[in-house]
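Here is the structure we will look at, set down as structure tokens.
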């Protein structure tokens with residue numbers, strides 16, 4: 001079965017712009033989580049969506065937002081980009097987002113965002 | 001605030017060595033501990049641990065959880081160069097997954 005698909009794979013943006021990243025989960029998975037990975041901070045949780053509802057979010061500014069559609073595909077948006085937003089953005093899907101039932105999360109290959 | 005701490009941060013070994021990676025956690029409501037291997041981009045799932053003292057095994061890799069002492073270890077025996085990667089430990093619960101900084105393992109031929 002198809003894995004988690006993230007698009008685009010690479011993106012270069014300038015400061016002040018906004019960006020939208022997309023994540024298509026594994027078929028049947030209803031939970032999508034987003035993470036930011038940087039060399040200094042590691043993998044940091046952004047937010048989690050299930051059935052179009054955000055159930056939890058990490059400690060990121062309001063410039064980071066997301067949404068989930070009825071087909072479980074999710075997008076995240078970053079407005080007013082800063083240099084520090086340069087990172088690998090990963091999404092992960094699971095059946096329902098509960099660790100003990102999800103048997104782990106399946107990650108996509110990520111979108112590498114560079115802000116110049 | 002929940003946190004997951006991994007040690008060591010990096011490790012260099014020779015092929016055939018056995019390594020032990022450590023993960024300690026402080027969380028308000030423990031649900032599950034996960035181990036992942038990240039070679040390039042997408043972390044790949046290794047183990048999920050929910051019960052103390054029950055070892056999970058997959059080939060040369062094994063992992064165990066100690067809920068009393070709040071830690072988990074990941075063992076890799078007879079290491080190979082293909083084991084070179086970043087190993088991530090994470091706690092998942094409350095619709096949120098917190099990752100440790102990872103242990104970067106390099107296996108020399």
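Coordinate-derived values only; no laboratory data. In this text the structure is predicted, and so the values were computed from the model without any measurement. As a convention, Cβ positions derive from the backbone with ideal geometry for all residues, glycine included, and neighbour counts pool all protein chains shown.
Does region B:11-70 come out rounded, prolate or oblate by the C-alpha gyration tensor, with a ≥ b ≥ c the root eigenvalues, rounded set by a/c under 1.5 and, if not, prolate when a/b is larger than b/c and oblate if not?
Prolate is the answer for region B:11-70, as a/c is 1.5 or above and a/b outweighs b/c.
Can you give the mean number of other chain Cβ atoms that lie within 10 Å of the Cβ atoms in peptide A:52-61?
Taking all residues of A:52-61 together, the mean is 2.
Which value results for Rg/Rh of region A:22-101 when Rg is the Cα radius of gyration and Rh the Kirkwood radius based on the inverse mean 1/r?
Rounded to two decimals, Rg/Rh equals 0.97.
How fast does region A:34-78 diffuse by Stokes-Einstein, in µm²/s, taking the Kirkwood radius from C-alpha pairs at 4 °C and 1.567 mPa s?
Rounded to a whole number, D works out at 117 µm²/s.
Find the Rg to Rh ratio for chain B, where Rh is the Kirkwood radius over alpha-carbon pairs and Rg uses the same atoms.
0.96
Taking a quarter of the surface of the Cα convex hull of the protein assembly as shown, what do you get in nm²?
Dividing the Cα hull surface by four gives the mean projection, 12.3 nm².
Rounded to the nearest 500 deg cm²/dmol, what is the calculated helix-only ellipticity per residue at 222 nm for chain A, with -39500 (n - 2.57) per DSSP H run of length n ≥ 4?
-500 deg cm²/dmol
How many partner chain Cβ atoms sit within 10 Å of a residue's Cβ in peptide B:37-46, on average, as a whole number?
Shielding by partners across B:37-46 averages 5.
Counting only C-alpha contacts under 8 Å and six or more residues apart, can you give the relative contact order of region B:34-81 as a whole percent?
24
Ordered by packing density, taken as the mean number of other Cβ atoms within 10 Å over each peptide's residues, highest first, how do B:93-103, B:51-61 rank?
My ranking of the peptides, most packed first, is B:93-103, B:51-61.
Rounded, prolate or oblate for region B:52-109? Axes are the square roots of the Cα gyration tensor eigenvalues, ordered a ≥ b ≥ c, and the cut-off for rounded is a/c under 1.5.
Note, shape of region B:52-109 comes out oblate.
Report the relative contact order of chain A, percent, no decimals, based on alpha-carbon pairs under 8 angstrom and at least 6 residues apart.
For chain A, the relative contact order is 36 percent.
Per-residue Cβ counts within 10 Å, from other chains only, averaged over A:80-93: what number is that?
1
If I take every Cα pair under 8 Å that is 6 or more residues apart in region B:1-72, average their sequence separation and divide by the length, what percent do I get for the relative contact order?
Relative contact order, region B:1-72: 24 percent.
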